[in-house]
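Report on one structure; see the data block that follows.
The values are calculated or read from the model by the stated rules, or taken from the named source; none is laboratory data. Since the structure is predicted, the reported quantities are computational estimates derived from the model, not experimental observations. Please note: Cβ atoms are built from the backbone with ideal geometry, for glycine as well, and neighbour counts cover all protein chains shown.
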Amino acid sequence: MSASCLRTAVLAALFGLAAGAHAQSLTIALASEPTAIDPHYHQATPNNAMASQIFETLVAQDAKMSLIPGLATSWKTLDDTTWEFKLRDAKFSNGQPLTPQDVIFTFCRAMNNEEAIAGSYAAVVQKFADVQAVDAHTLRIKTLKPYPLLANDLTRTGILWSGIVEHGPIVFDLDKKCGVTGAWPKVADFNNGKNAIGTGPYKLKSYVKGTGIELERNDGYWGDKPEWRHVRFVPVPNAGPRLTGLLAGDFDVIESPAARDVQRIKSTPGFGYVVTPSVRVVYFQFDVGRDASPLVKADNGKNPLQDVRVRRAISMAIDRKTIVDRIMDGMATPANQFLPDGMFGTLPHPPQLKYDPEGARKLLAEAGYPNGFELTLSSTNDRYINDGQITQAVAQYLSRVGIKTHVDAMTRSVYFPKRAKREFSFAMGGWSSETGEASSFLQYWVTSFAPELGMGTSNYGRYSNPELDRIFRQAVTTVDDAKREKLLQQALTLTLADLPSIPLHYESSIWAFRKGLTYEGRADQYTLASSVKSAR
Amino acid sequence: MVLFTLRRFIQSLFVLLAVSVVVFFAVYAVGDPIELLVSPEATMEARAATIARLGLDQPIWQQYFTFLWRALHGDLGTSFVHGIPAIELIVQRIPATFELVVVAITLTCVIGIPLGLVAGLYRDRPLGRGIMATSVLGFSLPNFWQGMMLILLFAVWLGWLPASGRGDTVSVLGVPLSILTADGWAHVAMPAVNLALANIALVLRLTATGVSEAQSQEYVKFARAKGVRPGRIVRRHILRNILIPVVTVVGMEFGSLIAYSTITETVFAWPGMGKLLIDSVYQLDRPVVVAYVMLVTLIFVIVNFIVDIMYAALDPRVQLVAPAQ
């Protein structure tokens with residue numbers, strides 16, 4: 001075939017395709033690209049969001065992160081360590097029916113994914129004593145210890161088809177590889193589509209790193225049929241080009257346009273946007289565990305951050321509402337605790353963290369620092385929305401009550417390793433609770449540093465309160481929801497009295513789209529094709 | 001010629017070695033990638049297992065020698081973030097970048113050299129002055145801003161061209177190329193112009209200066225006195241003599257556009273290598289950064305080699321022998 005002939009053929013094919021598919025195809029620009037299609041590779045929001053469209057989980061979360069049935073139609077606890085899940089009549093994208101063996105195989109694979117980054121998916125399965133298929137639709141999981149968050153944690157384990165490897169009868173026996181005789185599937189086998197067989201609303205068509213991910217509707221999907229036949233996700237990490245791409249008509253939906261550009265989208269006819277509060281809280285953590293902290297200097301030679309009055313004074317000195325209005329352009333909500341009000345385990349009426357500079361000055365004087373002290377605020381400048389500016393603003397508020405402040409904002413690849421080495425005294429953090437309930441922030445940021453128990457691993461300030469630890473440990477082994485909620489609230493009350501960290505605000509997520517579409521924003525910040533609907 | 005090639009080859013091995021040392025240790029100095037990769041939710045054993053698997057528990061010099069040993073066996077390491085070989089990650093991106101740069105460099109030569117010639121030959125007339133004055137713009141516009149303006153004009157207001165991304169590709173011998181489709185050309189047009197503008201200005205001014213200098217040379221005066229036709233003087237006597245600096249600059253620009261057209265690739269969301277480098281630096285994905293810089297060094301070495309051969313072709317006085325020490 002000659003070159004011109006080829007070109008004509010290609011063009012004809014293109015236009016034919018474009019004309020037929022236009023109404024049902026959708027292009028979405030992502031701010032950050034998933035690093036793999038493998039649902040058990042890296043515990044990160046873009047990865048989990050992409051995987052959830054291809055591989056479903058036993059338990060799912062709705063837009064507000066409440067638990068809803070996924071591949072399990074219902075679940076209940078038989079006793080403190082036994083859970084029973086009823087499986088749905090679902091089919092994989094290759095037409096094979098879902099069986100309990102597929103679920104058991106999935107658990108085994110999560111334990112045997114050598115390439116996974118820090119085995120975050122294995123952490124769930126490690127808590128299992130046994131998994132039994134009672135009948136073709138019933139699965140029983142026995143846990144080693146009471147594990148109340150099992151259903152929450154299963155919202156991120158994408159279920160695989162057991163046929164992707166050679167195997168004999170599949171039973172939950174990790175020592176015997178659960179009956180798998182072939183080699184465990186590799187990350188690359190998912191990226192190239194070979195093993196990307198799930199029950200989800202979409203099938204993987206192609207995945208080219210840096211260029212885009214193409215999905216195709218799974219017509220055998222058990223649930224509501226998605227509206228879009230072809231979906232293309234394009235990674236555009238920079239906010240400017242993402243917005244111009246939307247305005248130029250290249251994209252139908254874009255993830256997180258810059259807050260400052262929302263006015264522009266509002267004033268341009270033909271485009272819309274949605275702002276949804278997320279569970280991501282932004283805060284500062286105090287270094288309270290050391291008598292001499294590297295970036296704080298007081299006349300009396302002590303570490304003033306060890307005094308709860310100083311911590312409270314610093315919190316009172318900050319005007320959260322103004323930060324939200326001026327710096328965040330209203331695209332955030334001032335925070336009084338570490339997870340938005342109304343979520344499981346949060347306080348129904350948290351004490352208000354009011355702006356009170358006079359009170360702050362008094363408290364500082366009472367604590368023995370009438371002339372303040374010197375403090376460096378450390379933060380990222382490219383991780384959280386407007387993080388550098390927020391730190392500047394907080395520094396100015398602290399200066400107003402007499403604390404001499406310096407700001408050190410740096411790129412995340414420098415910041416996070418330094419923070420882990422405890423080189424900071426007053427350091428910014430951000431946390432998004434993937435379980436949608438209060439225990440995760442407390443577990444990693446507040447309880448005493450005990451990595452062997454998986455607790456306090458982000459407690460860089462080394463705050464330690466035995467009373468709080470005791471209540472918390474009791475909470476995470478209490479299966480009864482009502483009792484657990486009480487215990488979590490108690491732990492949270494103690495945290496807010498001691499303030500080892502001070503919350504600033506919850507970030508909002510923004511999506512913008514062309515006219516004729518609507519987007520249901522999600523608290524977990526997932527960007528999903530099935531959340532895009534034609535406006536009626 | 002053979003000796004020249006051999007010497008060049010040995011020299012470049014040393015250059016590559018030096019570059020690998022500098023980059024390897026520089027990325028190490030920035031920070032520990034584990035803090036960016038592993039979530040605080042991971043258990044202690046899982047974290048330790050990941051550190052061991054990536055080899056980050058070894059002392060840095062040992063990590064370097066492991067890297068060197070594997071590199072000698074053709075393995076430049078596996079990306080920390082993506083879990084696939086670094087070189088594979090880079091090679092996936094090469095066709096997109098190469099295509100973009102070839103179009104940009106072609107534009108540079110096709111527009112820059114003739115305009116420079118005109119500007120040099122007519123440097124005292126309004127035409128020549130006009131060209132020279134306009135070319136200043138090519139330098140002074142910031143790349144990022146210029147790209148956004150192109151997008152606003154041609155994509156948002158006029159709606160003629162797509163704002164970002166790469167168009168449909170056709171596989172030629174397994175290499176996906178977009179410059180064989182109409183959609184591909186529509187996509188490559190703006191980023192290529194954005195890359196080319198500053199280079200056009202550079203080549204234009206270089207040519208113009210060369211031309212006006214050459215015009216007052218004895219050999220040009222002599223040719224003119226001999227009655228050689230003006231067209232032939234320009235082609236045979238002027239152009240050929242001024243091309244050496246132009247070829248050098250175009251060669252260097254070719255290399256640096258391949259490696260570092262990051263800004264243009266970011267503005268137009270072009271899935272090329274420059275974007276990969278930036279992303280990898282942010283994530284401290286050391287294997288990718290090191291492999292990238294080494295590959296780029298190799299490209300520069302090759303480009304320089306080709307430039308040297310072109311010197312010899314353009315100027316018979318140039319001999320391809322390495323100077324004897």
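Would you pick out the residues in segment A:411-428 that are more than 10 Å from chain B (Cβ to nearest Cβ) and either assigned to a strand (DSSP E or B) or within 23 Å of A:S509 (Cα to Cα) (or both)?
Within segment A:411-428, A:F426, A:A427, A:M428 qualify.
Can you find even one residue in segment B:160-171 that is among the aliphatic types (A, V, I, L, M), farther than 20 Å from B:G274 by Cα, without any contact (Cβ under 8 Å) to a residue 60 or more places away in the chain and within 14 Å of chain A (Cβ to nearest Cβ)?
Checking segment B:160-171: at least one residue is among the aliphatic types (A, V, I, L, M), farther than 20 Å from B:G274 by Cα, without any contact (Cβ under 8 Å) to a residue 60 or more places away in the chain and within 14 Å of chain A (Cβ to nearest Cβ).
Return yes or no: is B:S178 away from every other protein chain (no Cβ under 11 Å), touching a residue at least 12 places away in the same chain (Cβ under 8 Å) and surrounded by 15 or more Cβ atoms within 10 Å (Cβ to Cβ)?
Spelling it out, it is not the case that B:S178 is away from every other protein chain (no Cβ under 11 Å), touching a residue at least 12 places away in the same chain (Cβ under 8 Å) and surrounded by 15 or more Cβ atoms within 10 Å (Cβ to Cβ).
Please enumerate the residues belonging to segment A:138-171 that are over 28 Å from the mean Cα position of the chain (by Cα) and among the polar types (S, T, N, Q).
Hit for segment A:138-171 is A:T138, nothing else.
Go through segment B:146-166 and give me each residue that's part of a helix (DSSP H, G or I) and under 16 Å from B:E265 (Cβ atoms).
B:Q146, B:G147, B:M148, B:L150, B:I151 - these are the residues of segment B:146-166 that are part of a helix (DSSP H, G or I) and under 16 Å from B:E265 (Cβ atoms).
For B:V101, state whether it is under 28 Å from A:N191 (Cβ atoms), crowded, with 17+ Cβ neighbours inside 10 Å and at pLDDT below 85.
Spelling it out, it is not the case that B:V101 is under 28 Å from A:N191 (Cβ atoms), crowded, with 17+ Cβ neighbours inside 10 Å and at pLDDT below 85.
With respect to B:T297, is the statement that it is farther than 17 Å from B:T97 by Cα, in a helix (DSSP H, G or I), more than 14 Å from chain A (Cβ to nearest Cβ) and among the hydroxyl-bearing types (S, T, Y) true?
So B:T297 does not fit the description; no.
Of all residues in segment A:277-300 being out of contact with any strand residue (DSSP E or B) (no Cβ under 9 Å at 6 or more places or on another chain) and surrounded by fewer than 21 Cβ atoms within 10 Å (Cβ to Cβ), which is nearest to A:D498 (Cα to Cα)?
Applying the filter and picking the extreme gives A:G289.
Using beta carbons and a limit of 8 Å, which pairs, at least six apart or on different chains, have the first residue in segment B:140-155 and facing chain A (nearest Cβ under 10 Å) and the second one among the aromatic types (F, W, Y)?
Once the first residue is facing chain A (nearest Cβ under 10 Å) and sits in segment B:140-155, its partners that are among the aromatic types (F, W, Y) give B:G147/B:F268; B:I151/B:F268; B:F154/B:W160.
Scan segment A:28-47 residue by residue and report those that are touching a residue at least 24 places away in the same chain (Cβ under 8 Å) and either more than 14 Å from every other protein chain (Cβ to nearest Cβ) or surrounded by fewer than 23 Cβ atoms within 10 Å (Cβ to Cβ) (or both).
Across segment A:28-47, the qualifying residues are A:A31, A:S32, A:E33, A:Q43, A:T45.
Look at B:V38 and say whether it is hydrophobic (A, V, I, L, M, F, W, C) and either under 30 Å from A:R422 (Cα atoms) or surrounded by 21 or more Cβ atoms within 10 Å (Cβ to Cβ) (or both).
Yes: the conditions hold for B:V38.
Could you name every one of the helices (runs of 4 or more DSSP H) located completely within segment B:18-129 that has at least 3 residues being under 19 Å from the mean Cα position of the chain (by Cα) and either more than 14 Å from chain A (Cβ to nearest Cβ) or more than 30 Å from A:E452 (Cα to Cα) (or both)?
Ranges flagged: B:86-121.
Only residues in segment B:262-284 that are aromatic (F, W, Y) count as the first member; pair them with residues that are crowded, with 22+ Cβ neighbours inside 10 Å and in a loop (DSSP other than H, G, I, E, B), Cβ under 7 angstrom, at least 6 apart or cross-chain, and list the lot.
What qualifies is B:F268/B:S164; B:W270/B:R166.
This table checks each residue for (1) within 11 Å of chain A (Cβ to nearest Cβ); (2) more than 19 Å from B:T97 (Cα to Cα).
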{"position": "B:E213", "(1), (2)": "no, yes"}
{"position": "B:I233", "(1), (2)": "no, yes"}
{"position": "B:V247", "(1), (2)": "no, yes"}
{"position": "B:V267", "(1), (2)": "yes, no"}
{"position": "B:W270", "(1), (2)": "yes, no"}
{"position": "B:K275", "(1), (2)": "yes, no"}
{"position": "B:Y292", "(1), (2)": "no, no"}
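So which residues in segment B:185-211 are touching a residue at least 24 places away in the same chain (Cβ under 8 Å) and either farther than 26 Å from B:G120 by Cβ or within 13 Å of another protein chain (Cβ to nearest Cβ) (or both), if there are any at all?
Once the filter is applied, which keeps residues that are touching a residue at least 24 places away in the same chain (Cβ under 8 Å) and either farther than 26 Å from B:G120 by Cβ or within 13 Å of another protein chain (Cβ to nearest Cβ) (or both), segment B:185-211 yields B:A186, B:H187, B:V188, B:A189, B:M190, B:P191, B:N194.
Output the residue which, of all residues in segment A:237-283 that are assigned to a strand (DSSP E or B) and of a type in the set (F, W, Y), is farthest from B:W160 (Cα to Cα).
Across segment A:237-283, the extreme among qualifying residues is A:Y283.
Taking segment A:448-499 as the search range and keeping residues that are in a loop (DSSP other than H, G, I, E, B), touching a strand residue (DSSP E or B) at 6+ places or on another chain (Cβ under 8 Å) and more than 12 Å from every other protein chain (Cβ to nearest Cβ), which one is modelled with the lowest pLDDT?
Among those residues, the one meeting the criterion is A:V479.
Looking for something at pLDDT 90 or above, within 29 Å of A:G436 (Cα to Cα) and assigned to a loop (DSSP other than H, G, I, E, B) - is there at least one such residue anywhere in segment A:177-193?
For segment A:177-193, residues at pLDDT 90 or above, within 29 Å of A:G436 (Cα to Cα) and assigned to a loop (DSSP other than H, G, I, E, B): absent.
At the interface with another protein chain (Cβ under 8 Å from one of its Cβ atoms) and not small (G, A, S): is that true of B:T5 in this structure?
no
What are the residues in segment A:105-135 that are part of a helix (DSSP H, G or I) and more than 14 Å from every other protein chain (Cβ to nearest Cβ), if any?
Residues satisfying the conditions are A:F105, A:T106, A:F107, A:C108, A:R109.
If you take the residues in segment A:69-123 that are within 22 Å of A:A183 (Cα to Cα) and among the hydroxyl-bearing types (S, T, Y), which one is modelled with the lowest pLDDT?
A:S120
Under 28 Å from the mean Cα position of the chain (by Cα) and of a type in the set (G, A, S): does that describe A:S278?
Criteria met by A:S278.
Condition check ((1) in contact with a Lys or Arg (Cβ under 8 Å, 6 or more places away or on another chain); (2) not small (G, A, S)) across all residues:
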site: B:A259; (1), (2): no, no
site: B:T262; (1), (2): yes, yes
site: B:G272; (1), (2): yes, no
site: B:I278; (1), (2): no, yes
site: B:V281; (1), (2): no, yes
site: B:V289; (1), (2): no, yes
site: B:M294; (1), (2): no, yes
site: B:T297; (1), (2): no, yes
site: B:V301; (1), (2): yes, yes
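Somewhere in segment A:136-152, is a residue farther than 28 Å from B:S79 by Cβ, assigned to a helix (DSSP H, G or I), in contact (Cβ under 8 Å) with a residue 60 or more places away in the chain and within 14 Å of another protein chain (Cβ to nearest Cβ)?
Yes, because at least one residue in segment A:136-152 is farther than 28 Å from B:S79 by Cβ, assigned to a helix (DSSP H, G or I), in contact (Cβ under 8 Å) with a residue 60 or more places away in the chain and within 14 Å of another protein chain (Cβ to nearest Cβ).
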